[in-house]
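The values are calculated or read from the model by the stated rules, or taken from the named source; none is laboratory data. Note that this is a predicted model, so its numbers are computed, not measured. Every residue, glycine as well, gets a Cβ built from its backbone with ideal geometry; the counts of neighbours run over all protein chains shown. Surface accessibility is based on the protein's heavy atoms, side chains included, excluding ligands, DNA and RNA. Shrake-Rupley method; radii C 1.70, N 1.55, O 1.52, S 1.80 Å.
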Amino acid sequence: QVQLVESGGGLVPAGGSLRLSCAASGRTFSSSSMGWFRQAPGKEREFVAAVTWGGGSTDYADSVKGRFTISRDNAKNTVYLRMNSLKPEDTAVYYCAAGALRLSALHYDYSYWGQGTQVTVSS
């Protein structure tokens, strides 16, 4: 059974930082892309960042470029999202996704999803 478990969310003031982690179990994802999406109350789920299996290529939503960094450790089957200079508009539930065959910003390209971790940025 494949499981993705996110951690690292919490409450931070604007300008603060957090690092989210997503640990995968049940299979390895060393040959597929992994990503992060987020969903704010009353809004649709949106793409945040993605990374290829080797970590050599990444993609970011325009709203987080220059502030967020995605990385992965295939030995640990874990993907990370480092979030700096957080803004109140970054408040959302953040979801880890895995299993995409290419670097993708499209949620339907991902086969596996975590349960999400709440990130709240206070103004």
(message) What's the total number of residues in region 3-32 that are out of contact with any Gly (no Cβ under 8 Å at 6 or more places or on another chain) and either modelled with pLDDT under 95 or of a type in the set (A, V, I, L, M) (or both)?
(response) 11
(message) Residues that are open to solvent by less than 20 Å² (accessible area, probe 1.4 Å), closer than 19 Å to Ser122 by Cβ, under 10 Å from the mean Cα position of the chain (by Cα) and not aliphatic (A, V, I, L, M): does region 6-24 have at least one?
(response) no
(request) Return the total of residues in region 79-116 being within 18 Å of Arg67 (Cβ to Cβ) and within 12 Å of the chain's Cα centre (by Cα). (result) 8
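When you scan region 34-45, do you find a residue that is within 13 Å of the chain's Cα centre (by Cα), surrounded by 14 or more Cβ atoms within 10 Å (Cβ to Cβ) and modelled with pLDDT under 95, even just one? Even if it seems obvious, please write down each step before you answer.
Here is the first cut: in region 34-45, the ones within 13 Å of the chain's Cα centre (by Cα) are 34-39, 45.
Checking the rest, the ones that are also surrounded by 14 or more Cβ atoms within 10 Å (Cβ to Cβ) come to 34-39, 45.
If we keep only those that are modelled with pLDDT under 95 too, we end up with 34.
So far as region 34-45 goes, yes, one or more of its residues are within 13 Å of the chain's Cα centre (by Cα), surrounded by 14 or more Cβ atoms within 10 Å (Cβ to Cβ) and modelled with pLDDT under 95.
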(request) Name every residue in region 52-70 that is at pLDDT below 95 and either surrounded by 14 or more Cβ atoms within 10 Å (Cβ to Cβ) or in contact with a Gly (Cβ under 6 Å, 6 or more places away or on another chain) (or both), in order of residue number. (result) Thr52, Trp53, Gly55
